[in-house]
Amino acid sequence: MLTTTSQPDVDQTGTDMREAAVVAGLAPSIHNTQPWRWRIRPAALELWADRTRQLPASDPDGRMLTISCGAALHHARIYLAAQGYRTLVLPYPDPDYPDHVAHLGIIGRTPVTDAATRRCQAVALRRTDRRPVLPRLIDDKAFLALSMAAQAQGCYLHPLRRDQVIELASTVAHAQDAQLADDAWRDELATWAGGTRPDGTGIPDANIPDRQPQTTVAQRDFDRPGTLHIGNEHDTAATYAILYGEQDDRLGWLDAGQALSALWLAATVWDVSVMPLSAPIEIPSTRQAVRATLSGIGYPYLVLRFGTTGDGKGPAPTPRIPPDRIITTEDE
Ligand SMILES: Cc1cc2nc3c(=O)[nH]c(=O)nc-3n(C[C@H](O)[C@H](O)[C@H](O)COP(=O)(O)O)c2cc1C
């Protein structure tokens, strides 16, 4: 581990850059598509969007793809910070290559803090937890820590009042009805959710509830039961919040992904469960309804459910694409 401020050793840096890309592979992504590729350069990593894993029916603009890439970028940064690297991100560095999402360069060394180490350890523990939350509100201090983690990446969390949660429930129901009525959308969902697929992508049955949980706000309807056992809790103690920011474009979405990763790793440290709800953002009319809740202060990127799910026996890790399929070095 690097703990001084001298220049990093070149061979070690190359090894650490590759490991950063491997760790970034553990980031959350829409339907576990992992729509990214990494290219290792001397003292830098290039992040590229992989459009072959974009969702044309539900994500034609690449909003969720870009948020997912942002989460992977932040995971790479977290790993490098825990190895004592100071890094700099150049988003979309080349106008001729719009799929070149970010250049992540090493610009020196920095002392490794305990917080950096804890955040990095949280990467392997973080999961999407679709079980209903326990009847225990999350700690105010924990919510503040999550908000601050999002803010450090240029985004904000807007917690919803009870009346706004009821409105959200209706918005989510509209979004899910519209999606389930669309054959292309259902085919796409079936491609990514449930069953088994050999390539290390998608959401396995083990991560899909065995029945729709009792919730005020419906969670993603995967159009099939999974094998994730859920109890009879009702999510009355859940906290819903909108992750939002100032730009509804690829730069804003990239920040949103970094903020999602940052707040999710903080939540993991605080033992707060996180479940994104992206359906209301995927459809323009319901996205507009979510935006109205923000009363003009910004653009919504995701709705998030926070809570306590408790017993430590969380869902199993979802699969990942083997690193060699998505990481290349400069001369390959
Ligand atoms: C942009 C984005 C949108 C997501 N939307 C949803 C969603 O609507 N419902 C859901 O249950 N999970 C959602 N997820 C969680 C992913 O399904 C999850 O990250 C992926 O399956 C990998 O599993 P893991 O988070 O447990 O590693 C979303 C994740 C991201 C990054």
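The values are calculated or read from the model by the stated rules, or taken from the named source; none is laboratory data. These numbers come from a predicted model, not from an experiment. Every residue, glycine among them, receives a Cβ derived from its backbone with ideal geometry; neighbour counts consider all protein chains shown. Ligands, DNA and RNA are excluded from the accessible area calculation, which covers all protein heavy atoms including side chains. Shrake-Rupley method; radii C 1.70, N 1.55, O 1.52, S 1.80 Å.
Extending 7 Å from Cα along the Cβ direction at Thr196 and again at Gln151 yields two label points whose distance is 4.8 nm. Solvent-accessible area per residue in the chain equals 44 Å², computed with a 1.4 angstrom probe and all protein chains kept.
Projected label points at Thr227 and Asp61, each 7 Å from Cα along the beta carbon direction, are separated by 3.9 nanometres. Taking R0 as 56 Å, what's the FRET efficiency between Asp182 and Asp9 from their Cβ-Cβ distance, rounded to 0.05? Calculated transfer efficiency: 0.60. In whole percent, and with a 1.4 Å probe on the protein chains, what portion of the accessible area of the range 191-230 is carbon and sulfur? Answer for the range 191-230: carbon and sulfur cover 53 percent of the accessible area. Sort the range 10-126 into rounded, prolate or oblate with this rule: let a ≥ b ≥ c be the square roots of the eigenvalues of the Cα gyration tensor; rounded if a/c is under 1.5, and if a/c is not under 1.5, prolate when a/b is larger than b/c, oblate otherwise. Taking the square roots of the gyration eigenvalues as a ≥ b ≥ c, the range 10-126 is oblate.
The relative contact order of the chain, computed from alpha carbon pairs under 8 Å that lie at least 6 residues apart in sequence, is 24 percent.
The accessible surface of the range 10-126, taken with every protein chain in place and a 1.4 Å probe, is 53 percent carbon and sulfur. Qualifying trypsin sites (Lys or Arg not before Pro) in the range 265-332, where qualification requires a DSSP coil assignment and no more than 15 other C-beta atoms within 10 Å, comprise Lys313.
Annotation for Asp99 and Lys141: the two label points, set 7 Å from Cα along the Cα-Cβ direction, are 4.7 nm apart.
The packing ranking of peptides 172-182, 148-158, highest mean first, is 148-158, 172-182, where packing means the average number of other beta carbon atoms within 10 angstrom of each residue.
Rounded to the nearest 20, the size of the Cβ-charge dipole of the chain about its Cα centre is 760 debye, with Lys and Arg at +1 and Asp and Glu at -1. Kirkwood-type hydrodynamic radius, the range 118-239: 16.8 Å, calculated from all non-identical alpha-carbon pairs.
Pairs of Cα atoms nearer than 8 Å and 6+ residues apart set the relative contact order; for the range 140-307 it is 31 percent.
In the chain, the DSSP-assigned H stretches of four residues or longer account for a calculated mean residue ellipticity at 222 nm of -12000 deg cm²/dmol, using -39500 (n - 2.57) per stretch and the full residue count as denominator. Max-minus-min Cα coordinates of the chain on each principal axis give 54, 42, 40 Å, with the largest extent listed first. Potential lengthening of the chain between Glu167 and Thr329 amounts to 53.5 nm, from the contour at 0.36 nm per residue minus the alpha-carbon distance. For Ile327, the residues whose amide H sits under 5 Å from its own are Trp38, ignoring neighbours fewer than 5 places away on the same chain, with H placed 1.01 Å from N. If the Kirkwood radius is taken over C-alpha pairs of the range 140-307, then at 4 °C and 1.567 mPa s the Stokes-Einstein diffusion coefficient equals 77 µm²/s. Packing order of peptides 204-212, 65-73, 263-271, highest average first: 65-73, 263-271, 204-212 (average count of other Cβ atoms within 10 Å over each peptide's residues). Within the range 99-206, the trypsin sites (Lys or Arg not before Pro) that combine a DSSP coil assignment with at most 14 other C-beta atoms in a 10 angstrom radius are Arg136, Arg161.
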